[in-house]
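These notes are about the structure you will find just below.
Laboratory data are not the source of any read-out in this text; all were calculated from the coordinates shown. Note that this is a predicted model, so its numbers are computed, not measured. Note: ideal-geometry Cβ built from the backbone for every residue, glycine included; neighbour counts use all protein chains shown.
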Amino acid sequence: MVKKRNGLLCSLASFGVMPAVFLTACGNVQQTESDGAIEFGMITGETRQPEEMERMQEPSEPYQQMLLYIREGLYQHGVEGTYQAYFSAVEDECDGYYWRGRDWDAYGDAHFCEVLLEENGNYWSESVVYTYDAKTGWYMFYGQYEPVLVGDPLSVMTAENDYVLDVMDNHVYTCQISGKMNLPFPMKYISENAPAEDDKYIDIPFSEAWRGASGASEEDRLSYGVYPRLYTYVDDRLDMYITIIYPEISLSGTYDDAEKQKMEDDINKLIKSAFFYGCGVDDSKLFNPREEIYGNIQRNYIITRRDENYFSIRIYEGSYYRGANHPNEWETAITLDMHSGRLLNLGDVAGGERTIGDLFGTGAFRCMWYWRDGNEEVIPEKYNEDYLARYKESTKKCSEYGSDFYITDKALGLITTESRYYTNVEADFADLGISGF
């Protein structure tokens with residue numbers, strides 16, 4: 001069967017149950033099928049430019065191994081669909097691509113290839129580096145830039161893109177590829193590990209898990225325990241490393257009390273969603289590690305209050321992404337009523353009708369740390385006055401403030417931001433006119 005695709009004539013055949021790689025040359029390829037194999041005949045038909053004659057009808061070994069490597073990535077990352085792949089000539093220099101997060105000199109005698117993947121008019125850049133061991137005949141692959149593996153919408157290119165036009169004009173080989181394709185080549189390469197995900201308890205003493213805020217005595221034991229969990233996600237191929245340490249609540253008496261068991265489950269769902277929050281274009285979308293690429297994310301927490309009435313924590317994130325000008329850090333928080341399991345908002349603590357301006361108008365808040373402006377000396381009193389003044393005019397109601405607050409035994413804390421920096425501010429309950437906490 002001959003199938004037209006993007007102005008090229010593609011040859012299609014099958015090997016067993018799974019489809020084979022579709023090998024394509026410029027012009028029309030005459031093929032005959034015999035015993036499940038493809039025999040390539042002469043190129044006929046269309047008039048071609050001289051440089052087009054240099055394109056391969058069948059892939060040489062480096063391109064065979066690159067095809068296998070790309071197929072492995074598509075399969076391991078669950079990428080569906082069939083892509084038309086356009087391979088540029090292999091280069092021995094990587095000038096201009098060092099910013100993709102790798103030290104080019106560390107590769108030694110390395111080779112570099114740009115590949116363009118196309119599906120339904122969407123184009124993706126694929127950059128691959130490999131070394132070759134002449135003694136063993138094996139290759140070592142390193143993915144340099146593969147946004148197709150996470151479906152990053154910001155990396156999709158159109159047919160009019162200059163990079164796309166350049167690769168289309170100068171590619172030396174093209175074929176179709178998918179993650180489930182059966183390729184008739186022996187695998188002779190080593191590559192990065194497949195993505196690995198884990199979520200487990202961190203063992204701590206029983207007395208530590210169930211103790212109250214003031215000590216570890218039997219009398220101080222609470223009706224719920226707090227056990228830390230460690231979530232990890234490692235994707236060596238996409239240079240993505242994620243560590244999230246988060247707490248899990250264990251209520252006493254859940255074995256024979258279905259209602260209490262449901263409350264425990266609901267509390268832990270609230271806590272986990274607070275840690276696995278999404279970032280970027282859609283903040284309402286929960287965090288999905290398989291959509292992240294070329295970065296390092298660390299999330300952790302500090303318990304600010306823990307007693308029979310309330311459980312409140314600050315959630316910290318530090319992160320860095322390849323090519324970014326600087327790392328990022330910020331905080332969010334969560335406060336729970338431990339009698340009902342309900343998630344509190346700021347209005348539940350400070351009063352729903354009060355505004356942020358009302359709270360800051362008391363003059364009770366203090367900055368917990370200061371950012372230096374260049375080399376200028378920070379004067380705490382002046383910083384407090386200048387920083388806090390901008391919030392005194394806010395008409396936002398406390399009930400609309402969200403979860404960027406926490407409580408301690410004696411104070412209310414707010415997580416505030418200015419530009420890309422954040423500062424926590426705290427004020428004693430008594431100075432804010434808040435009772436019952």
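Count Lys and Arg as plus one, Asp and Glu as minus one, and take only other residues whose Cβ is under 9 Å from that of ILE70; the net charge is then -2.
For GLU385 and ASP431, the FRET efficiency from 1/(1 + (r/R0)^6), where r spans their Cβ atoms and R0 equals 22 Å, is about 0.85. Quick note on the stretch 193-342: its Rg to Rh ratio, both from C-alpha atoms and Rh being the Kirkwood radius, is 1.02. A simple spin-label model places the labels of ASP109 and ASN328 4.3 nm from each other, with each point 7 Å out along Cα-to-Cβ. Between ILE190 and ASP307, the FRET efficiency estimated from the beta carbon spacing at R0 = 51 angstrom works out to 0.40.
Let me check I've understood the local charge: for GLY433, count other residues with C-beta under 11 angstrom from its C-beta, Lys and Arg +1, Asp and Glu -1. What total comes out? Every neighbour counted, the sum reads -2. For the pair ALA159 and LYS200, label points projected 7 Å from Cα toward Cβ lie 5.2 nm apart. Just to verify a number: FRET efficiency for ARG290 and ASP265, C-beta to C-beta distance, R0 = 25 Å, to 0.05? Computed FRET efficiency for ARG290 and ASP265: 0.50.
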